[in-house]
Amino acid sequence: MARPAEEAPVALTVRPTAPALVPSVAAMGYTEGRFAHSAELALPTGAAQLLVNLDADALSSSPLRGASRRTRGAAVHGPFSEPAVIDPAQQRAVLWVAFRPAGVRPFLTVPVSALRDELVDLGELWGTDGVVLRERLLEAVAAEGPRAGLRVLETALTGRVEGPGRPDPAVRLAAALLDRGTPVGEVADRLGWTTGRLARGCTGQLGLTPKRYARIRRFQRLLRRVNAGHGPPDWAVLAADCGYHDQAHLIHEFRALAGITPTGYAPRTPLERNHVPLGG
C-alpha cells in the first residue's frame, strides 16, 4: 500500500446500501495516501466518524488543550468541538464511516455526549466484535480490495443497529435548522419544545449543545465559502453572509474553532477543507 509522498491520495466514497443504515450513515469510504507534512489540524465538523487504520494498529488525536487520545487501529471519533492535531501517517490506508447528525446514536449504548471530543476504541464500544473488526477488514481488503472491506464494514454496522436504527427525527430536524443558521430559540419554537428540552435532545443525540453545534456548523458554512471562491477571501463579506456580527467576530470564532487565524488557513486541498497541514 506504500505510495510516493508527492502522489495525491486515492479516495473511494460510497453510500450505504442497507436500508437500516441510510438514516444514520452519510457515507463510507477508503483513503490511501502519503503526505510530506508530519502533523495536521483536524477541524471540528459536529459529526462523529468511525475510523479503521489498515496500515498500523493505532490511532491518535491530540486536542490543542488537554491530553492526547490514543487507541488501537479501530475507533469512533465522537463529535469534537475544538481542533485537534492528528498524524498523517495514520491516514496511509483508512476505512471510514461518516455519520449523519445523530446518526451514531443507534450504534452506541451510551449517549453521544459521552464521546464528545473523545477518540474511543471500538473494542470499548462493541466488545469482541469491535476488537476483531480490523482483522476482518484487513483480510477482506488484502483478498479483494477496498470495496470488499467496505462491504464487510457495512455488514458489521448493520448488525450493530439497535432498535429501528433511526435517529430521533425531531433532533434531525433541529440539526438541519441549526445548520442553516436558524436561531436556537426559533428552533425550539418550531419543534414545540422548550429550550431546555432542545438542549437535552441535542446533547444526548448530537453530542453537542444546540449553541455549540450551531457555532460549528456556521464555521463549516464559512469554510465551504472560502474553498469555493476564486482569489483571496473578502472576510468582511463572508462575515456578513455567514451570520457573524462583523469581521472581528469571525476572526475570534475562527481562532476558537481552528486554532489559527483566517489568513493562516491553508487546507490540504479545497475538498479536504478540514485538514490543515502544520509542518514538513
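I'd like the full set of residues that are free of Cβ contacts under 8 Å to residues at least 60 places away in the same chain and within 20 Å of Gly29 (Cβ to Cβ), limited to the stretch 89-114.
Of everything in the stretch 89-114, those that are free of Cβ contacts under 8 Å to residues at least 60 places away in the same chain and within 20 Å of Gly29 (Cβ to Cβ) turn out to be Ala89, Gln90.
Could you check Ala48 against (1) of a type in the set (Gly, Ala, Ser); (2) modelled with pLDDT of 95 or more; (3) buried (at least 18 other Cβ atoms within 10 Å of the Cβ); (4) within 21 Å of Val10 (Cβ to Cβ) and say which number it fails?
Among (1) of a type in the set (Gly, Ala, Ser); (2) modelled with pLDDT of 95 or more; (3) buried (at least 18 other Cβ atoms within 10 Å of the Cβ); (4) within 21 Å of Val10 (Cβ to Cβ), Ala48 violates only (4).
Condition first: open to solvent by 70 Å² or more (accessible area, probe 1.4 Å) and modelled with pLDDT of 95 or more. Now tell me which residues in the stretch 139-171 satisfy that.
Glu139, Ala142, Ala143, Glu144, Arg147, Arg151, Thr155
Select from the stretch 205-226 the residues that are open to solvent by 20 Å² or more (accessible area, probe 1.4 Å) and of a type outside the set (Val, Ile, Thr) and list them in ascending order.
Restricting attention to the stretch 205-226, the residues satisfying the condition of being open to solvent by 20 Å² or more (accessible area, probe 1.4 Å) are 205, 209, 211-212, 214-215, 217-218, 221, 224-226.
Of everything in the stretch 205-226, those that are open to solvent by 20 Å² or more (accessible area, probe 1.4 Å) and of a type outside the set (Val, Ile, Thr) turn out to be Gln205, Lys211, Arg212, Ala214, Arg215, Arg217, Arg218, Arg221, Arg224, Arg225.
Within the stretch 198-228, can you find the residues that are of a type outside the set (A, V, I, L, M, F, W, C), in a loop (DSSP other than H, G, I, E, B) and at negative phi? If you could, list the steps in order and put the result at the bottom.
The first filter runs over the stretch 198-228 and keeps only residues of a type outside the set (A, V, I, L, M, F, W, C), leaving 200-201, 203-205, 207, 209-213, 215, 217-218, 220-221, 224-225, 227.
Then keep just the ones that are in a loop (DSSP other than H, G, I, E, B); that gives 207, 209.
If the condition is that a residue be of a type outside the set (A, V, I, L, M, F, W, C), in a loop (DSSP other than H, G, I, E, B) and at negative phi, then Thr209 is the only one that fits.
Restricting the stretch 51-84 to residues that are out of contact with any helix residue (DSSP H, G or I) (no Cβ under 9 Å at 6 or more places or on another chain) and aliphatic (A, V, I, L, M), which is surrounded by the most Cβ atoms within 10 Å (Cβ to Cβ)?
Going through the qualifying residues, I end up with Ala84.
Taking the stated definitions as given, is Thr195 open to solvent by 30 Å² or more (accessible area, probe 1.4 Å), hydroxyl-bearing (Ser, Thr, Tyr) and under 27 Å from Leu64 (Cα atoms)?
So Thr195 fails the test.
Give the residue, chosen from Leu278, Leu271, that is open to solvent by 40 Å² or more (accessible area, probe 1.4 Å), among the hydrophobic types (A, V, I, L, M, F, W, C), within 27 Å of Leu12 (Cα to Cα) and within 18 Å of the chain's Cα centre (by Cα).
Working: Leu278 fails: within 18 Å of the chain's Cα centre (by Cα).
Step by step, each of Leu278, Leu271 is checked, and only Leu271 is open to solvent by 40 Å² or more (accessible area, probe 1.4 Å), among the hydrophobic types (A, V, I, L, M, F, W, C), within 27 Å of Leu12 (Cα to Cα) and within 18 Å of the chain's Cα centre (by Cα).
Output the qualifying pairs, or none if there are none: Cβ atoms under 6 angstrom, residues six or more apart or on different chains, first residue in the stretch 25-43 and within 17 Å of Val141 (Cβ to Cβ) and open to solvent by less than 20 Å² (accessible area, probe 1.4 Å), second residue modelled with pLDDT of 90 or more and outside any strand (DSSP E or B).
Met28/Leu150; Tyr30/Pro146
All but one of (1) assigned to a helix (DSSP H, G or I); (2) at pLDDT 95 or above hold for His245; which doesn't?
Status for His245: all satisfied but (1).
The values are calculated or read from the model by the stated rules, or taken from the named source; none is laboratory data. Bear in mind that the values here come from a model prediction, so they are computed numbers and not experimental data. Because the Cβ atoms are built from the backbone with ideal geometry, glycine has one as well, and the counts that use them run over all protein chains shown. In case anyone asks, the SASA skips ligands and DNA or RNA and just uses the protein heavy atoms, side chains included. Shrake-Rupley method; radii C 1.70, N 1.55, O 1.52, S 1.80 Å.
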